[in-house]
Amino acid sequence: MASKSTVPVHHPSQPNNNASGKPSATLSRSITNKQAELDALVKEYMNTIERQRELKARIDVLMREREAEIETKMQNMAKEKLALRNIHEELRGILHRAGMDEHSPPPAPAPPYLPP
């Protein structure tokens with residue numbers, strides 16, 4: 001962690017360039033204001049990082065939920081496909097036994113209608 005830099009403070013025993021002392025007070029206020037701005041920016045940055053972590057965690061949860069939903073749908077589709085395949089095979093067997101499958105010759109045309 002970086003150490004805080006210290007700003008030399010005017011000591012009363014040192015000679016002051018300005019007899020009124022205003023430059024030192026102004027400089028001190030300026031430094032205090034800049035430090036407050038910096039503290040606010042650091043706080044905002046840390047809040048942003050925390051919010052990004054929260055959002056990433058939420059996205060991860062949503063992705064896992066969505067993947068589970070997709071997996072369930074795929075499993076259900078596979079079951080439906082198998083059921084349809086079984087029904088198709090059963091229908092083909094019925095048609096074959098009835099002589100109406102694709103390998104059977106077409107049925108003979110119906111005799112013409114003759115009035116009684």
If the chain between MET74 and ALA98 were fully stretched, how many nm would it gain, using 0.36 nm times the residue separation less the Cα-Cα distance?
-> 5.1 nm
Under 14 Å from the Cα of LYS79, which aspartates and glutamates turn up, not counting those fewer than eight places away in the same chain?
-> GLU71
Exactly which GluC sites (Glu not before Pro) in segment 51-116 are in a DSSP loop and have at most 11 other Cβ atoms within 10 Å?
-> GLU102
Return the aspartates and glutamates within reach of LYS73: Cα separation strictly under 15 angstrom, same-chain partners fewer than 8 residues apart disregarded; answer none if there are no such residues.
-> GLU65
Phi-based couplings in Hz for segment 36-43 (Karplus 6.51, -1.76, 1.60; Gly and Pro marked x) | 5, 4, 5, 4, 5, 5, 5, 4
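Readers should treat all values here as calculations from the given coordinates under stated rules, not as data from a laboratory. Given the structure is predicted, the values throughout are model-derived calculations rather than measurements. Counting neighbours? That spans all protein chains shown, and the Cβs are built from the backbone with ideal geometry, glycine included.
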